[in-house]
Structure formats: C-alpha cells, structure tokens
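Please read the structure below before turning to the comments.
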Amino acid sequence: MKILISLVSFIGFLLVVLPGPLYKYSIVDLGTAFAGFTLGMMAGGAALIILLLQALFKRQTLTFGNTLVTVMFSAIAIIMPLSMLSKAKSVPPIHDISTDLKNPPEFVAIVPLRADAPNPVEYAGEETAEQQRTAYPELKTLTYTQPKSELMEATEKSVNNLDWELVNTDTSAGIIEATDTTTWFGFKDDVVIRVIDNRNERLVDIRSKSRIGGSDLGKNAERIHDFIDELDEVLAE
C-alpha cells in the first residue's frame, strides 16, 4: 500500500513538472502539456486521500519516510497548478503590454520571426489598453536626461544583462528589439524599446508581447519592470 501511494504521488509530481520541458523541446503540444497539470493535481489529490485512509485504518503500516515523500510530491502536484490558476485570476487576460498605449512601439526586425505565431504582431487594441491601465497603472513612458546615444548603449547592455536575445539595433530610429525565452515552457516573448528625443529630454518606451497564449500571467509587465530596473542600474554605473 505505501509503495502504491508513493508511486501515485510521484506520478502526480511528474505530470506537473515535466510538461514544461516536454513542450519546450517539442515532444508534446501545449494542450497535452496543460492536460498534464489537471491529471497531476488529480493524482496528487488521490495520493493524499489514500494516505489519509491508510492513516485511519492501517496506521501501523505507515512509515515516516513514505509519508513525507507522499506529502511532498502530492503538495507540489497540487500547489503548482493552483498557483498558476491563482496568478491567472489576479491579472487581466492580456499578452501585449506597453508603456505607451496611444502609440505603442512597433516591431520591425521581429515581424518575420512571428510569422507563425498565434498572436499577431499588431498591437492588441483599446480593450487591451483599458485592461492594462487598470492592472498596471504604473507602466508609463520613461523620461531621461541622458543623450540618446548613451541611452541606446545602456539599453543594449541591459538587454544583454537580462539574457535576452538581441535581434535588432537601429540607432538612427532609436529602436532595439529582443526576444526573451521563458525558462520552464520555453515561450518566446518579444520586446521592443524605443528611444526618442523630446527637446531637452529623452522618452523611452518598452513593449513586451507574447507569441502564444491569451493571458501572459503577468509575465510581460514583470519583464518591463525588470528592464526598467536593469536600465536604471546600468545608467547609475
């Protein structure tokens, strides 16, 4: 019995941990990967239920080691998908985030890289903008006093520091494009940074857009925050 319980909990653990890498390396499709989460939660819950029944009716067969392993694997199998669901409910179901909602920076060199992406390269529109204003009101155009050339150099350094793949640098247009690949699932999200002169100051805007998925679980906004923090650190050096 105890071996069966541990095995069920371990299977549940694998069903929520492996879908990401399996999708990342094109072994399974996204639908199958997400189905693994559901099955993993079910397996984790089943293992805990069986463990409880064993504790009630065959307590003498319990061992500390098996109980600990079962609880640990089952907890991961249940908590990880629930955490993702909770995150999805806490953020708007959007995947295109920009600091400039009226005139978002446009992708140029990245356009052909997104040719087969489910999410089109064009900005998602006013409905997305309204949801962003509510969820991320702090994301606005940045203002700097440094020369444009210095900001472009700092931007490129920041992109490299964040381990994004630099796709394009157009100094004359003030555009830098890059792609960030997520660790677990290997999702590719694209970023464009625009630097323009505005009299005695420079305006910097960042746009981050997922290639796939209706909701980004807040990842694009998080990425923009990370870039802003990194750029400020580079400029302070």
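The values are calculated or read from the model by the stated rules, or taken from the named source; none is laboratory data. Here the structure is a predicted model, which means the values were calculated and not measured. Every residue, glycine among them, receives a Cβ derived from its backbone with ideal geometry; neighbour counts consider all protein chains shown.
Here are some residues: VAL108, VAL167, VAL192, VAL159. Which one is part of a helix (DSSP H, G or I) and either within 17 Å of HIS225 (Cβ to Cβ) or aliphatic (A, V, I, L, M) (or both)?
The unique qualifying residue is VAL159.
So that you can scan it fast, the table gives a plain yes or no per residue for (1) out of contact with any Lys or Arg (no Cβ under 8 Å at 6 or more places or on another chain); (2) of a type in the set (S, T, N, Q); (3) in a helix (DSSP H, G or I); (4) farther than 24 Å from SER86 by Cβ:
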{"residue": "LEU4", "(1), (2), (3), (4)": "yes, no, yes, yes"}
{"residue": "SER9", "(1), (2), (3), (4)": "yes, yes, yes, no"}
{"residue": "GLY20", "(1), (2), (3), (4)": "yes, no, yes, no"}
{"residue": "TYR23", "(1), (2), (3), (4)": "yes, no, yes, no"}
{"residue": "ALA33", "(1), (2), (3), (4)": "yes, no, yes, no"}
{"residue": "THR38", "(1), (2), (3), (4)": "yes, yes, yes, no"}
{"residue": "MET42", "(1), (2), (3), (4)": "yes, no, yes, no"}
{"residue": "GLN54", "(1), (2), (3), (4)": "no, yes, yes, yes"}
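Looking at ILE97 and the list (1) assigned to a helix (DSSP H, G or I); (2) of a type outside the set (Gly, Ala, Ser); (3) surrounded by 19 or more Cβ atoms within 10 Å (Cβ to Cβ), which single condition is not satisfied?
(1)
If a residue has to be assigned to a loop (DSSP other than H, G, I, E, B) and either surrounded by fewer than 16 Cβ atoms within 10 Å (Cβ to Cβ) or within 14 Å of the chain's Cα centre (by Cα) (or both) to count, how many in segment 111-122 make the cut?
6
Working carefully through the options ALA35, ALA88, ALA55, find the one that is surrounded by fewer than 17 Cβ atoms within 10 Å (Cβ to Cβ), among the hydrophobic types (A, V, I, L, M, F, W, C) and touching a residue at least 60 places away in the same chain (Cβ under 8 Å).
Exactly one of ALA35, ALA88, ALA55 is surrounded by fewer than 17 Cβ atoms within 10 Å (Cβ to Cβ), among the hydrophobic types (A, V, I, L, M, F, W, C) and touching a residue at least 60 places away in the same chain (Cβ under 8 Å), namely ALA88.
Specify the residue that is nearest to ALA46 (Cα to Cα); the eligible residues are those in segment 2-29 that are touching a Phe, Trp or Tyr at 6+ places or on another chain (Cβ under 9 Å) and among the hydroxyl-bearing types (Ser, Thr, Tyr).
Across segment 2-29, the extreme among qualifying residues is SER9.
Can you go through GLU150, GLU127 and tell me which one is surrounded by 13 or more Cβ atoms within 10 Å (Cβ to Cβ), assigned to a helix (DSSP H, G or I), over 18 Å from the mean Cα position of the chain (by Cα) and modelled with pLDDT of 95 or more?
Criteria check complete, one pass: GLU150.
Are any residues in segment 202-214 part of a loop (DSSP other than H, G, I, E, B), at pLDDT 95 or above and either of a type outside the set (Val, Ile, Thr) or surrounded by 23 or more Cβ atoms within 10 Å (Cβ to Cβ) (or both), and if so, which ones?
ARG211 - this is the single residue of segment 202-214 that is part of a loop (DSSP other than H, G, I, E, B), at pLDDT 95 or above and either of a type outside the set (Val, Ile, Thr) or surrounded by 23 or more Cβ atoms within 10 Å (Cβ to Cβ) (or both).
Looking at segment 110-167 only, could you name the residues that are farther than 19 Å from THR99 by Cα, among the small types (Gly, Ala, Ser) and either in contact with a helix residue (DSSP H, G or I) (Cβ under 6 Å, 6 or more places away or on another chain) or touching a residue at least 12 places away in the same chain (Cβ under 8 Å) (or both)?
ALA117, SER149
Just to verify a result, which residue in segment 153-176, among those that are of a type in the set (D, E, K, R), under 23 Å from the mean Cα position of the chain (by Cα) and surrounded by 13 or more Cβ atoms within 10 Å (Cβ to Cβ), is nearest to LYS188 (Cα to Cα)?
Applying the filter and picking the extreme gives GLU165.
Inspect all residues belonging to segment 1-23 and state whether any of them is farther than 26 Å from THR181 by Cα, surrounded by 14 or more Cβ atoms within 10 Å (Cβ to Cβ), of a type in the set (Lys, Arg) and touching a helix residue (DSSP H, G or I) at 6+ places or on another chain (Cβ under 9 Å).
Taking every residue of segment 1-23 in turn, at least one turns out to be farther than 26 Å from THR181 by Cα, surrounded by 14 or more Cβ atoms within 10 Å (Cβ to Cβ), of a type in the set (Lys, Arg) and touching a helix residue (DSSP H, G or I) at 6+ places or on another chain (Cβ under 9 Å).
So ILE79 passes all but one of these: (1) buried (at least 17 other Cβ atoms within 10 Å of the Cβ); (2) under 23 Å from the mean Cα position of the chain (by Cα); (3) modelled with pLDDT of 95 or more. Which condition number does it fail?
(1)
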